[in-house]
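Right, one structure below, let's go through it.
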Amino acid sequence: MTKILLALGAAAAAFTATPSDARRHYTNYSKCTKYRHGRCVAWHRMTRAQARRAGYAVGYRFGPTYSYSAYNALPGTLVTRYHLRPSYRYVNQNGYVYVVNPNTYRVVRVITLP
């Protein structure tokens, strides 16, 4: 009888010891959470739900008929900091700038606006 009680106690301890984050599924997408002097100094790795709500991911295809932002409409500081070129297409939405490959129309880079 004591062996059964000890086994049940050990099983209960094992089930309560698992962290609550074990059920979360993290992605490879990260978001800047803290800026200092215009540079990101702290990153947060997003869960699947957060990444879905954040916007378009790298690899998303916009298509040739999408209304892209003009290269001249982008902030000059953003262009110089991230070395953006006029040969790419850009989408400026919801606080993000999506850099789109003009041949495949797929997002190759996501930049957070400071």
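The values are calculated or read from the model by the stated rules, or taken from the named source; none is laboratory data. As the structure is a computational prediction, the values presented were derived from the model and not from experiment. As a convention, Cβ positions derive from the backbone with ideal geometry for all residues, glycine included, and neighbour counts pool all protein chains shown. Remember, those area values only see protein heavy atoms, side chains included, never the ligands or the DNA or RNA. Shrake-Rupley method; radii C 1.70, N 1.55, O 1.52, S 1.80 Å.
Does ASN103 fit the bill of being open to solvent by 40 Å² or more (accessible area, probe 1.4 Å) and modelled with pLDDT under 90? Give the steps one after another, and end with the answer.
Details: open to solvent by 40 Å² or more (accessible area, probe 1.4 Å): yes; modelled with pLDDT under 90: no.
It is false that ASN103 is open to solvent by 40 Å² or more (accessible area, probe 1.4 Å) and modelled with pLDDT under 90.
Tell me, yes or no, whether region 44-65 has at least one residue that is among the polar types (S, T, N, Q), at pLDDT below 90 and open to solvent by less than 50 Å² (accessible area, probe 1.4 Å).
Pass one, region 44-65, residues among the polar types (S, T, N, Q): 47, 50, 65.
In the following step, the residues that additionally are at pLDDT below 90 were identified as 47, 50, 65.
Still in the list and also open to solvent by less than 50 Å² (accessible area, probe 1.4 Å): 47.
Within region 44-65, one or more residues are among the polar types (S, T, N, Q), at pLDDT below 90 and open to solvent by less than 50 Å² (accessible area, probe 1.4 Å).
Just checking, which of TYR82, TYR90, TYR71, TYR98 is modelled with pLDDT of 90 or more, touching a Pro at 6+ places or on another chain (Cβ under 6 Å) and among the aromatic types (Phe, Trp, Tyr)? Give the derivation first.
Details: TYR82 fails: touching a Pro at 6+ places or on another chain (Cβ under 6 Å); TYR90 fails: touching a Pro at 6+ places or on another chain (Cβ under 6 Å); TYR98 fails: touching a Pro at 6+ places or on another chain (Cβ under 6 Å).
Only one candidate qualifies: TYR71.
Could you give me the residue pairs with C-beta distances under 9 Å whose first residue belongs to region 56-68 and is under 13 Å from ASN103 (Cα atoms) and in contact (Cβ under 8 Å) with a residue 40 or more places away in the chain, whose second residue is part of a loop (DSSP other than H, G, I, E, B) and among the hydroxyl-bearing types (Ser, Thr, Tyr) wherever it lies, and which are 6+ apart or on separate chains?
Note: pairs meeting the criteria are ARG61/THR104; ARG61/TYR105; PHE62/TYR56; PHE62/TYR68; PHE62/TYR105; GLY63/TYR105; PRO64/TYR105.
For region 85-94, which positions are farther than 19 Å from TYR56 by Cα and either in contact (Cβ under 8 Å) with a residue 24 or more places away in the chain or surrounded by 10 or more Cβ atoms within 10 Å (Cβ to Cβ) (or both)? Write out each step before concluding.
Initially, region 85-94 is screened for residues farther than 19 Å from TYR56 by Cα, giving 85-87.
Result: PRO86, single match.
Take ARG24 and decide whether it is surrounded by fewer than 13 Cβ atoms within 10 Å (Cβ to Cβ), at pLDDT 80 or above and touching a helix residue (DSSP H, G or I) at 6+ places or on another chain (Cβ under 9 Å). Before you say what the answer is, go through the steps one by one.
Numbers: surrounded by fewer than 13 Cβ atoms within 10 Å (Cβ to Cβ): yes; at pLDDT 80 or above: no; touching a helix residue (DSSP H, G or I) at 6+ places or on another chain (Cβ under 9 Å): yes.
For ARG24, the condition - surrounded by fewer than 13 Cβ atoms within 10 Å (Cβ to Cβ), at pLDDT 80 or above and touching a helix residue (DSSP H, G or I) at 6+ places or on another chain (Cβ under 9 Å) - is not met.
Tell me yes or no: at least one residue of region 76-84 is small (Gly, Ala, Ser), within 27 Å of TYR35 (Cβ to Cβ) and open to solvent by 40 Å² or more (accessible area, probe 1.4 Å). Steps first, please.
Step one: filter region 76-84 for residues small (Gly, Ala, Ser), giving 76.
Then drop every residue that is not within 27 Å of TYR35 (Cβ to Cβ), which leaves 76.
Right, trim to open to solvent by 40 Å² or more (accessible area, probe 1.4 Å) and you get 76.
For region 76-84, residues small (Gly, Ala, Ser), within 27 Å of TYR35 (Cβ to Cβ) and open to solvent by 40 Å² or more (accessible area, probe 1.4 Å): present.
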